[in-house]
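Asks: Below is a structure I'd like to ask you about.
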């Protein structure tokens, strides 16, 4: 469903280590809003819901709710730390339009 690059996994591991709570995992999702209609979100969570899809990447647990999963199919989550900024980047083949900030899209 979602591919997570090595750079993104390394950054997620750093964030989880800083939190120092063994039950935490990364929740990736889509919500209404943003300048293109839908926006991505990342959060730390420790509650798995019945409809969640659970992915394991190199020891990192990533959880996606079933509604978001249909918008994220085939998405690559990457992390960049360059001159143009630092942060997670979504490369979503389902997005037909994105905004300039890269955090909202439409399908």
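Asks: Which of 41, 25, 79 moves most in a GNM of the chain, Cα contacts under 10 Å?
Replies: Top of the fluctuation ranking is 41.
Asks: Taking just the C-alpha trace of the stretch 2-102, give me its Rg and Dmax in Å.
Replies: Cα only, the stretch 2-102: 13.5, 41 Å (Rg, Dmax).
Asks: Just 30, 96, 64 to compare: in a GNM of the chain, with alpha carbon springs under 10 Å, which one fluctuates most?
Replies: Looking only at 30, 96, 64, the biggest GNM fluctuation is shown by 96.
Asks: Say R0 is 25 Å: what FRET efficiency, to the nearest 0.05, do residue 66 and residue 13 get from their beta-carbon distance?
Replies: 0.45
Asks: State the antiparallel share, in %, of DSSP beta bridges confined to the chain, rounding to the nearest 5.
Replies: Looking only at bridges with both residues in the chain, the antiparallel portion is about 80 percent.
Each reported figure results from applying straightforward, stated rules to the coordinates on display, with no laboratory input. Predicted model only: the values in this text are computed from it and were never measured. Here the Cβ is made from the backbone with ideal geometry for all residues, glycine too, and neighbour counts use every protein chain on show.
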